[in-house]
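These notes are about the structure you will find just below.
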Amino acid sequence: MLRDHNAHSIAPAQSAPAAQGYSPAAKWLHWLVVLLVLTQFLISFLMPEIGPNTVPATLISLHFSFGVLIFIVMVIRLNHRLLHPVPLDMPDSPAWERWAAQAMQLAFYFIVLAGPFLGWASASAHKLAVNVFGIIALPDIAATHARWALTAGDIHAYMMWVFLVLIAGHAGAALYHHFFLRDGVLQRMLPARRK
Ligand code: HEM
């Protein structure tokens, strides 16, 4: 069977042909997630530290709500990605760079899809209600003070700081391609130019 070795590692649906570039929807979803994640990190910096005696506060509730929203948008994005696969377009890059670009994207999906559950477990263990923008109340998923859920919270926090470092690397690589290599890697994620 012939395989496209350029195809992205997030397994595409067998029948869907690979598009040449990102669809407008994929671009919108990408920049929406950028905006939400940056807002989430700003909230994370500003919110009070969560400990045994933390009482619910606005910034903490906002952190939970944005976290759930980011998770939902990423699920939509992953679905879109699997239905509309896009090949990696770095023909002149060394193999390690192509590998790094794919590994980075897989890590992003993993962190943003698994991480929120660890935070949710920690919220339950701290007896903090998760009520998404005051509209949808989520149930507790861990008992108060459950050891595993407190550990999950620590992992959540470390994971998200690793996420921030990866985001910086990802953005730095895109800018390096744009300004130094002058290839079309960044352009692929920007609005199409009018001819
Ligand atoms: C992509 C989404 C998310 C990101 C980027 C994120 C980011 C972070 C960061 C950076 C911290 C550390 C804050 C600090 O050390 O001062 C943190 C802590 C925390 N987050 Fe999130 N978070 C996300 C989603 C969620 C969700 C959905 C929940 C709950 C429903 C949540 C609950 C918590 C809790 C309880 C802590 C404190 C953990 C502990 O120290 O035990 N987070 N988050």
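Positive contributions from Lys and Arg (+1) and negative ones from Asp and Glu (-1), summed over other residues with Cβ under 15 Å from the Cβ of Leu175, come out at 0. Note on the chain: dipole from Cβ charges, positive end direction compared against Thr54, Asn79, Gly172; the farthest Cα belongs to Asn79.
The share of alpha-carbon pairs in the chain lying farther apart than 22 Å comes to 54%.
Among residues other than Leu32 with Cβ under 15 Å from its Cβ, the summed charge is +3 (Lys and Arg +1, Asp and Glu -1).
Of the chymotrypsin sites (Phe, Trp or Tyr not before Pro) found in region 86-175, those that fall in a DSSP loop while having at most 12 other beta-carbon atoms within 10 Å are Phe133. Taken about its Cα centre, the chain carries a charge dipole of about 540 debye when Lys and Arg each add +1 at the Cβ and Asp and Glu each add -1 at the Cβ.
Across the chain, the relative contact order, built from alpha-carbon pairs under 8 Å that are at least six residues apart, equals 24 percent. Protection proxy ranking of 66-72, 170-176, by the mean of other Cβ atoms within 10 Å over each peptide's residues and highest first, is 66-72, 170-176.
Every number here is computed from the coordinates shown, using simple stated rules; none is lab data. In this text, all values refer to a predicted model and were calculated from it rather than measured experimentally. Cβ coordinates were reconstructed from backbone atoms using ideal geometry, including for glycine residues, and neighbour counts include every protein chain displayed.
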